[in-house]
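Structure first, then comments.
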Amino acid sequence: MALAAFDLAAVCISYNLIYWTQRGAVPGLSGSVIALSLLWVLSSYLVGRYSRRFRPSGTVVVLLVVMGAAAALQWGAQINDPRALPSFALPTALLTALFSLAAQWQAHQWQSIPKRWIVIGTGAELDVVRQENHRSQDHAALQLQLIEQAAAAQSLHTVNSTDLAGIAIGEQAQLNERALERLLALRRQGIRVIALVNWAEQVLQRVPPELFSNHWLAQAEGFELQPDRLGWRIKRLGDLLVAAVLLVISAPVVALAATLIKLEDGGPVVFSQIRTGIYGESFRLSKLRSMRTDAERHGARWASRGDPRITRVGYWLRRLRIDELPQLWNVIKGDMSLIGPRPERPEFEDELEAQIPHYRIRHWIRPGLSGWAQVCHPYGASVDDSRSKLSYDLYYLRNFSLALDLLILLKTIRLISRAAGSQPSAS
């Protein structure tokens, strides 16, 4: 968000500076400046320039998009405006790119500085932390010192507090008086001391289900997305309006996809499955068929990478998420929401509930077309993937806000535009 805000300012400054050098005037925040700023930021977001990785090549793509728009205005749309000429658009875009690249590089340098944390917990809790840190895309920027609860007192008395970001303590950790006294002394020095589950939430942006108990869940803050709350009503109203608009807009795409499905093998266009919805109630979900008609002749099973059951048309329907469009009707009916945990099949849920603690919590809200797990985690097709995705679902449940829904929507658009995230990761 900070980089996007900086780019908005960079476009405005560059535009006005080039305009002033060529015409001796400053247009300020004109309609052209706003249009160019939005084009720059949108293009940058879609190519991933605002992600945690430094991507100089993305700036080249954005430059090509801006220059292509300028060329379209001049020669395609026949707009006779000197600002569409390369003599104006090119130096404006290059100057913006220079500012933007400098800010992006600096942000990357800041994010690359290792953050040192001490984690105190039981052996099981520390194993979860190791696993979660390994999964994290930013694990190289985290320096973790893992301390067993029995050794906490001695280790804390010898710890170097210089450049220490904080100390996270597991809920199950039993600390003696010496350890508690040392923790209080470190807090007086300004060192943060937080619960391990809160550390995972703030640093990893997920809540691993093994790190909290039923007792914590019963009294934890958050989890406010419940019926009769204002946020629930606003979310439902947004679901109805957006789903209705998308149904109308996507109708030609669905019609074309249906024709291609029928032409490929003559089978049915739409298929339906029973999925688990809010409060564990079942509902029937509809999708455009992307697999062979006999895909489950041997029973339900997880999808796999390069799954031979997927048809040629179905491959592209899945990559572009077109097969999910009929679920907009489920959103209007109230079975689903636009944003929420993805609904799972009852055939798989018995196994998942037996192996993953607190799995049923994800049923507290309506399932969604997309969710925090879908935009942060690869396509899930195993019990281990479902456990990892649950940690993201729990984060969403605890931290729901309309701003978070908007962020998930934007991330979903980027995934679809890049045809990414629709296949299980390679094992």
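The values are calculated or read from the model by the stated rules, or taken from the named source; none is laboratory data. Just so it is clear, the model here is predicted, and its values are computed rather than measured. Note that we place each Cβ from the backbone using ideal geometry, even for glycine, and neighbour counts take in every protein chain shown. For the accessible areas, the whole protein counts, side chains as well, though only heavy atoms, and no ligand, DNA or RNA atoms are used. Shrake-Rupley method; radii C 1.70, N 1.55, O 1.52, S 1.80 Å.
Annotations for the structure displayed:
- Net charge, A195 excluded, C-beta distance under 12 Å - Lys, Arg +1, Asp, Glu -1: -3
- Of all stretches in the chain that contain no GluC sites (Glu not before Pro) in a DSSP loop with at most 16 other Cβ atoms within 10 Å, the longest one is 1-170.
- Neighbour net charge for L183 - beta-carbon separation under 12 angstrom, K R +1, D E -1: +3
- Once the chain from Q219 to E347 is taken as fully extended at 0.36 nm per residue, the excess over their C-alpha distance is 42.9 nm.
- Probe 1.4 Å - accessible area at Y392, Å² to nearest ten: 20
- For the pair A4 and Q22, the difference between a 0.36 nm per residue extended length and the Cα-Cα distance amounts to 3.8 nm.
- Surface calculation, 1.4 Å probe, protein heavy atoms: H215 sits at approximately 130 Å² accessible.
- When the helices of the chain are scored as -39500 (n - 2.57) per DSSP H run of n ≥ 4 and the total is divided over every residue, the value at 222 nm lands at -16500 deg cm²/dmol.
- Cα gyration tensor shape of the range 363-403, rounded if a/c is under 1.5, else prolate or oblate by comparing a/b with b/c: prolate
- Using a simple spin-label model with pseudo-atoms 7 Å out from Cα toward Cβ, L247 and V269 lie 1.6 nm apart.
- Checking the cross-link pairs K235/K411; K262/K287; K235/K333 against a 23 Å limit on the alpha carbon distance flags no pair as lying beyond it.
- Accessible area of the chain belonging to carbon and sulfur atoms, whole % at 1.4 Å probe: 60
- Kirkwood-type hydrodynamic radius, the range 147-226: 14.0 Å, calculated from all non-identical alpha-carbon pairs.
- Annotation for the range 268-317: trypsin sites (Lys or Arg not before Pro) lying in DSSP loop with at most 10 further Cβ atoms inside 10 Å of their Cβ are R297.
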